[in-house]
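Have a look at the structure below, then the notes.
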């Protein structure tokens with residue numbers, strides 16, 4: 001699917017609706033119980049809801065047509081807004097959870113109606129599990145195509161939305177389990193500081209996820225190369241063209257998840273005239289786009305191979 005045709009992922013919609021409902025339920029639970037970890041989790045879910053909205057914004061902005069100021073289009077908007085998600089998760093979620101945990105450690109507050117808190121957390125776990133299941137179902141095909149694990153898919157995917165949702169939902173389920181454990185132990189022991197410890201742990205978890213997301217999105221913003229499989233396919237199509245003597249070297253960069261820039265120096269047959277060379281370049285570009293549809297921007301420079309001057313080819317992993 002091209003960026004121009006990019007539609008809002010069902011996983012993002014499911015996550016947005018689930019987190020919106022969960023945030024409201026946790027806030028109501030905090031008002032009834034005074035549980036610090038519930039308030040921290042409410043902030044976590046509110047941040048996640050805002051994050052899904054930001055991913056939707058990024059997807060819409062990425063569909064804008066190229067302009068004079070941005071001749072390569074706006075598909076990188078998806079990377080930028082995914083990076084903002086990491087910042088929001090770090091500040092709005094992590095910092096608030098840590099602040100609330102520290103405050104409740106200094107000023108412990110006995111829980112009221114712990115049954116309310118446990119019930120709301122169980123409902124939240126069910127909703128969050130539905131959101132995670134939706135994201136995993138949507139990511140199953142690209143994960144299978146890559147032939148790797150879930151961790152490899154999150155690390156290697158050029159599309160930011162699904163990895164973000166997968167990490168957020170996994171982190172949310174872990175946070176809910178921590179909050180549930182903190183509340184149960186606090187109720188059994190009568191020591192509200194266990195609830196505060198749960199809030200602190202949730203804050204640390206959010207920091208870790210936000211840091212990981214920030215590093216991954218930074219790499220995408222800087223511009224990552226095509227995958228090893230795509231590089232092999234592009235090289236194969238160039239070198240198998242009848243008019244090509246050799247591929248000298250090639251550089252690739254993802255402008256967006258489905259928008260790959262390819263620049264290559266190619267040695268063509270010396271018997272080609274001007275018209276023949278132009279036709280040969282068109283033929284090679286068509287072959288490359290058929291093999292790797294994401295290669296929308298291709299720049300081929302005819303050149304003569306110079307064994308001692310040519311830079312090493314990065315076309316193979």
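The values are calculated or read from the model by the stated rules, or taken from the named source; none is laboratory data. All of these numbers come straight from a predicted model, not from anything done at the bench. Every residue, glycine among them, receives a Cβ derived from its backbone with ideal geometry; neighbour counts consider all protein chains shown.
Evaluate region 117-135: report whether one residue or more is more than 24 Å from residue 37 (Cβ to Cβ), assigned by TED's automatic domain parsing to the domain that holds residue 202 and surrounded by fewer than 18 Cβ atoms within 10 Å (Cβ to Cβ). The answer is yes; a qualifying residue exists.
Taking into account only those residues within region 147-161 that are in contact (Cβ under 8 Å) with a residue 40 or more places away in the chain and assigned to a helix (DSSP H, G or I), which is surrounded by the fewest Cβ atoms within 10 Å (Cβ to Cβ)? Here the answer is 155. Being in a strand (DSSP E or B) and over 34 Å from the mean Cα position of the chain (by Cα), is that true of even one residue in region 246-257? Looking for residues that are in a strand (DSSP E or B) and over 34 Å from the mean Cα position of the chain (by Cα), one finds at least one in region 246-257, hence yes.
When residue 91 is tested against (1) more than 25 Å from residue 223 (Cα to Cα); (2) modelled with pLDDT of 85 or more; (3) under 23 Å from the mean Cα position of the chain (by Cα), just one condition goes unmet, and that condition is (2). Screening residue 289 with (1) over 26 Å from the mean Cα position of the chain (by Cα); (2) at pLDDT 95 or above gives one miss only, at (1).
Given 181, 204, which one is out of contact with any helix residue (DSSP H, G or I) (no Cβ under 7 Å at 6 or more places or on another chain), farther than 23 Å from residue 81 by Cβ and in the same structural domain as residue 118 (by TED's automatic domain parsing)?
Every option except 204 fails the conditions.
Considering only residues in region 186-215 that are under 30 Å from residue 256 (Cβ atoms) and crowded, with 22+ Cβ neighbours inside 10 Å, the one that is farthest from the chain's Cα centre (by Cα) turns out to be 206.
Restricting region 258-278 to residues that are assigned to a helix (DSSP H, G or I) and loosely packed, with under 13 Cβ neighbours inside 10 Å, which is nearest to the chain's Cα centre (by Cα)? Show your work before the answer.
Keep residues of region 258-278 that are assigned to a helix (DSSP H, G or I), which gives 274-278.
Now drop any that are not loosely packed, with under 13 Cβ neighbours inside 10 Å, which leaves 274-275, 278.
Numbers: 274: 45, 275: 44, 278: 39 Å.
That would be 278.
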